[in-house]
Every structure is written in structure tokens, then in C-alpha cells.
1. So, by mean Cβ neighbours within 10 angstrom, what's the order for 104-117, 62-75 with the highest one leading?
2. Given springs between every Cα pair under 10 Å in a Gaussian network model of the chain, which of 91, 29, 38 has the largest fluctuation?
3. Could I have the simple spin-label model distance between residue 152 and residue 239, label points 7 Å from Cα toward Cβ, reported in nm to one decimal?
4. Rounded to the nearest 500, what is the chain's calculated 222 nm mean residue ellipticity when only DSSP H runs of at least 4 contribute -39500 (n - 2.57) each, over all residues?
5. Subtracting the Cα-Cα distance from 0.36 nm times the residue separation, let me have the gained length for residue 50 to residue 196 in nm, one decimal.
6. So I have [x] 16.7; [y] 13.3; [z] 15.7, and one of them is mean projected area of the Cα convex hull in nm² calculated from this model. Which one is it?
7. In nanometres, what is the gap between the two model label sites at residue 135 and residue 28, each 7 Å from Cα along Cα-to-Cβ?
8. Of 139, 166, 196, which is farthest on the positive side of the dipole of region 124-208, counting Cα position, with +1 on Lys and Arg Cβ, -1 on Asp and Glu Cβ, and the Cα centre as origin?
Amino acid sequence: MNSTDVPLRLLVHGASGRMGAAVLRIARARSDLRVVAAVAGSPPAQRVVDGVPHFAAAEIAGAPPFDVAVDFSLPDAFDRVLQACLARGAALVTGTTGLSGAQHDALEAAAARIPVLAEANFSLGVAVLSELVERAAAALPDWDCDIVEAHHVHKKDAPSGTALALGERAGEGGARPRYASLRAGDIVGEHTVQFTGLGERLELVHRATDRDVFARGALQAAARLAGREPGRYRLAGLLL
């Protein structure tokens with residue numbers, strides 16, 4: 001709970017998707033957050049569901065005041081939620097992947113005005129994995145680095161945003177990662193970072209079996225991000 005014991009006002013963007021639905025469901029059980037708006041791409045069948053007002057993405061400017069937005073949407077919907085956060089001076093937690101270069105630039109510019117957290121994965125385990133990957137890459141400079149990821153058949157981007165983010169951390173440690181992707185069944189998310197040297201191999205693996213872990217992590221991050229100074233934040237810095 002924040003210092004005044006008043007729940008933070010939360011806007012959920014991408015509310016009709018799998019992750020958005022999980023965020024809405026889990027947020028209802030938290031006393032430190034109050035969902036004031038759920039925003040989806042299409043006009044809602046009902047304007048109010050379980051006490052939460054629902055809006056189409058084109059109507060986001062008419063949403064009530066909010067302190068922080070949690071966004072799990074698509075790149076073509078991202079610009080609206082970013083502009084809404086800037087207009088309200090609200091924090092933004094986004095897990096939307098596949099953003100264009102211009103959208104990444106806009107996110108960076110927004111961080112001069114509002115607190116921003118953009119992650120491809122909100123699992124606490126992946127946050128720890130990212131730290132380990134960078135350390136391993138730095139300690140094993142001459143080893144090959146391969147990142148293998150597996151997701152459900154409906155996931156559109158490949159490699160996954162998480163795989164690319166792990167690759168960035170490996171690159172910060174000096175590695176040159178290669179990627180492989182698998183789309184099969186209903187796999188929630190699996191990532192393996194493999195370092196291979198002469199006669200030995202190191203594997204760092206994370207497996208998610210329930211997407212609720214991502215929703216819980218995003219909401220925990222939202223609760224800690226709201227009210228902070230403008231800037232770019234990392235999940236590990238907020239939660240670990």
C-alpha cells in the first residue's frame with residue numbers, strides 16, 4: 001500500500017487479451033490497486049463489468065484519471081496508451097513486444113517525463129535469469145552462446161521478446177547470441193540460454209507453466225513504479 005493507504009488507480013490496456021484478462025483478475029484480489037479502466041481494441045459488449053468501466057482503445061482519452069497503466073497489447077495499439085500516460089503524467093508498465101524503432105524512441109523520450117518500465121517478461125525468475133546470463137557471458141568470453149525459446153502456436157513474434165532481451169544481456173557481457181524458436185501446442189514460455197565451450201556446456205533454463213506469473217510480476221512492478229521519478233526502470237531493480 002502507498003503512504004496514504006489509498007489504492008493506486010490502475011488502467012489495464014489490452015484487457016481483452018490473455019494477459020490483460022489475467023491482470024484484471026489478479027488485480028481484483030489486491031488491496032493496494034484499484035482498476036479504474038479496462039481498455040481493449042474493440043468496443044466493449046458491456047460498459048461496466050464487475051464494477052470496472054470498459055473502453056475501446058479509441059476512447060482511451062475519456063478514461064478516468066489513473067496513476068499507472070499496465071499494457072499487454074499489440075504494437076499498433078501501443079502509441080495510444082503511451083500518449084494517455086504522458087497526458088495524465090501516469091507511470092507505464094508495458095509488456096508489449098514487437099515495437100518499431102520509432103516506438104522504442106518514443107518510449108525513451110517519454111521516460112524523460114514519466115516513469116517507464118518496458119519488459120518482455122515479468123517473471124521474477126526471468127529477472128534473475130537475465131542477471132545470470134550477463135554474468136556468464138562476461139565470465140565465458142570465448143564460448144558460443146545460443147538462446148532457444150518455445151511458446152504456444154498463437155504467439156506471433158519469433159524470436160520472442162524475452163529471448164531478444166536475454167540476448168541483449170548476453171551481449172552486454174560480451175557474447176554474440178544466436179537464436180532458435182519453437183511454436184507448439186499451449187507452451188506458456190520456455191527459455192534456454194546455452195554457453196558451449198570445448199568439452200563442456202552450461203545451460204541456464206527458465207520454464208513458465210502458468211501465465212499468471214507474468215500478471216503478478218507486472219502488477220507488483222506497477223505498485224512500485226507509480227509515483228517514482230521519471231526514467232527507464234528495470235524489473236530486477238524494482239523487485240529484487
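What follows draws every value from the coordinates through simple rules; no lab data is involved. Since the model is a prediction, treat every value here as computed from it, not as a measurement. Here the Cβ is made from the backbone with ideal geometry for all residues, glycine too, and neighbour counts use every protein chain on show.
1. Ranking, from highest mean packing down: 62-75, 104-117.
2. Result: 29 has the largest fluctuation of those listed.
3. 1.9 nm
4. Rounded to the nearest 500, the figure is -10500 deg cm²/dmol.
5. Separation in residues times 0.36 nm, less the Cα-Cα distance, equals 47.4 nm.
6. Identified label for the calculated read-out: [y].
7. Each label point lies 7 Å from its Cα, and together they span 4.0 nm.
8. My answer, from the dipole projection, is 166.
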